[in-house]
Amino acid sequence: MNSIKTGFLMFGLVFLFTFIGGLLGNQDGALIGLLIAGAMSFYSYWFSYKMVIKAYRAQEVAATTNPRLYNLVKKLSQNADLPMPKVYIIPERQPNAFATGRNPNHAAVACTQGLLDLMSDNELAGVVAHELGHVKHRDILISTIAATFAGAIANISRFLPYAGRSNNRDNRNNNGGLTILMALLAPLAASVIQMTISRRREFMADRAGAEISGNPLYLRDALGKLEEYSQRISMSNTRNPSTAHMFIVNPFTGLRGIQNLFRTHPSTYDRMRELEKLAIEKGYM
């Protein structure tokens, strides 16, 4: 299913860039748009995870530089029967984490400094295990590509009002209304692309994380803290909503009204309730 979604995203990007290229420069513009989309698709598959890591200024750590986090990831990776991913720390006060990469053999787990400061060892294990659940389910490629594409669509919307200015008057008249419509819809398209990432994957990763860490209550307790502190501490480095779905909880809080239709995460309290049900089933409560 994730392979189908990845193909859908790439096809959608090619179509959109070709269409917009046509608005900007007719056939030549469409060809340029097609070439840009092809290059972006190639780059997204092979290198997009590096772009996300760089965007958050994450620093890779090893057993010698941060033994607590590195050794925990190593232990939980063994529990999950996964290759050891690269481990990063994001210099942010907000507690949060995400996993990225194109497959389990080329994966990375990134945690904020705030997460390390606020979580107990058990709670940290629950969070890391959740991210390894995404790696195990191969969610990470589709998540990273979706972030890249959503960001690209949001950015190109800035240039759409200028479409057709180099054309003749008839073309400008024909394309003007459509260009304005596309300028309004492109940011919405970015949200729709993110919504191809099912919220259900978070529940699945929660369940996998509970199994990998050994106790559903580890993650339940961590989610309670994450919900509380994410409301109080915002991301200082960047506010790019196109990456919101990658984190264990939405780092960009305060969604109101119609924006809730496009929220990328299920309710944290619903997730905690499901983990409590699982804990009861397993005899931990």
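The values are calculated or read from the model by the stated rules, or taken from the named source; none is laboratory data. Keep in mind the model is a prediction, meaning the values are calculated, not measured. Cβ atoms come from the backbone with ideal geometry, glycine included; neighbour counts cover every protein chain shown. Just the protein is used for accessible areas: all its heavy atoms, side chains included, with ligands, DNA and RNA removed. Shrake-Rupley method; radii C 1.70, N 1.55, O 1.52, S 1.80 Å.
Does residue 253 qualify as being modelled with pLDDT of 75 or more, polar (S, T, N, Q) and surrounded by 15 or more Cβ atoms within 10 Å (Cβ to Cβ)?
No.
Being at pLDDT 65 or above, in contact with a Pro (Cβ under 7 Å, 6 or more places away or on another chain) and under 21 Å from residue 120 (Cα atoms) is the requirement here; does residue 275 meet it?
Yes, satisfied.
So, of the residues in segment 56-109 that are among the hydroxyl-bearing types (Ser, Thr, Tyr) and outside any loop (DSSP other than H, G, I, E, B), which turns out to be nearest to residue 213 (Cα to Cα)?
Among those residues, the one meeting the criterion is 77.
Considering segment 90-121 alone, what residues qualify as being more than 18 Å from residue 229 (Cα to Cα) and surrounded by fewer than 24 Cβ atoms within 10 Å (Cβ to Cβ)?
Listed by number, the residues that qualify are 102, 103, 104, 105, 106, 108.
Anything in segment 58-88 that is in contact with a Leu (Cβ under 7 Å, 6 or more places away or on another chain) and under 22 Å from residue 235 (Cα atoms)? List them, or say none.
If the condition is that a residue be in contact with a Leu (Cβ under 7 Å, 6 or more places away or on another chain) and under 22 Å from residue 235 (Cα atoms), then 61, 69, 87 are the ones that fit.
Condition check ((1) open to solvent by 30 Å² or more (accessible area, probe 1.4 Å); (2) at pLDDT below 95; (3) part of a helix (DSSP H, G or I); (4) of a type outside the set (Asp, Glu)) across all residues:
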{"residue": "181", "(1), (2), (3), (4)": "yes, yes, yes, yes"}
{"residue": "194", "(1), (2), (3), (4)": "no, yes, yes, yes"}
{"residue": "197", "(1), (2), (3), (4)": "no, yes, no, yes"}
{"residue": "202", "(1), (2), (3), (4)": "no, yes, yes, no"}
{"residue": "220", "(1), (2), (3), (4)": "yes, no, yes, yes"}
{"residue": "238", "(1), (2), (3), (4)": "yes, yes, no, yes"}
